[in-house]
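Structure record follows, encoded as structure tokens.
The values are calculated or read from the model by the stated rules, or taken from the named source; none is laboratory data. The structure displayed is predicted, hence computed values, not measured ones. Virtual Cβ from ideal backbone geometry, glycine too; neighbours counted across all protein chains shown. Quick note on the areas: whole protein, heavy atoms, side chains included, nothing else; ligands and nucleic acids left out. Shrake-Rupley method; radii C 1.70, N 1.55, O 1.52, S 1.80 Å.
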Amino acid sequence: MKKYNIKKGDTVYVNAGNDKGKTGKVLEVITDKDRVIVEGVNMVSKHTKPNSKNPQGGIIKQEAGIHISNLNLIDPKSGKPTRVGHKMDGDKKIRYAKKSGEEIK
């Protein structure tokens with residue numbers, strides 16, 4: 001299994017693509033495709049048939065995956081995009097923002 005610096009629940013900044021400059025919360029990380037689903041980013045239109053959940057059917061707007069290389073984590077201290085570092089805190093491995101040195105929860 002691949003390891004990534006971005007996890008579910010993190011706030012990320014999109015640094016490439018059509019949604020460049022947007023920020024959002026990570027909803028899901030798809031490790032086998034190297035993609036992440038971010039709230040409100042990379043919206044696509046999906047055509048659906050009527051079913052019990054959606055009896056009308058029609059066109060639904062939903063988030064599609066964006067490649068993980070096009071994302072940066074947001075620094076919790078400054079609110080700007082940053083790279084992620086790892087360090088050992090006793091026997092635990094923690095993530096920290098390279099820009100400010102702040103620990104990422």
Residue that is surrounded by the most Cβ atoms within 10 Å (Cβ to Cβ) [pool: residues in the range 47-70 that are aliphatic (A, V, I, L, M) and under 22 Å from VAL84 (Cβ atoms)]: ILE66
Test for THR48: is it more than 10 Å from the chain's Cα centre (by Cα) and under 26 Å from GLU103 (Cα atoms): no
Members of the range 51-100 that are at positive phi and out of contact with any Pro (no Cβ under 6 Å at 6 or more places or on another chain): GLY58, GLY79, GLY90
Candidate set from the range 1-46 (those that are of a type in the set (Gly, Ala, Ser) and without any contact (Cβ under 8 Å) to a residue 40 or more places away in the chain); member that is least open to solvent (accessible area, probe 1.4 Å): GLY24
The range 78-105, residues that are within 13 Å of THR11 (Cα to Cα), surrounded by 13 or more Cβ atoms within 10 Å (Cβ to Cβ) and without any contact (Cβ under 8 Å) to a residue 60 or more places away in the chain: THR82, ALA97
Those residues of the range 78-94 which are assigned to a strand (DSSP E or B) and under 19 Å from GLY24 (Cα atoms), in sequence order: PRO81, THR82, VAL84
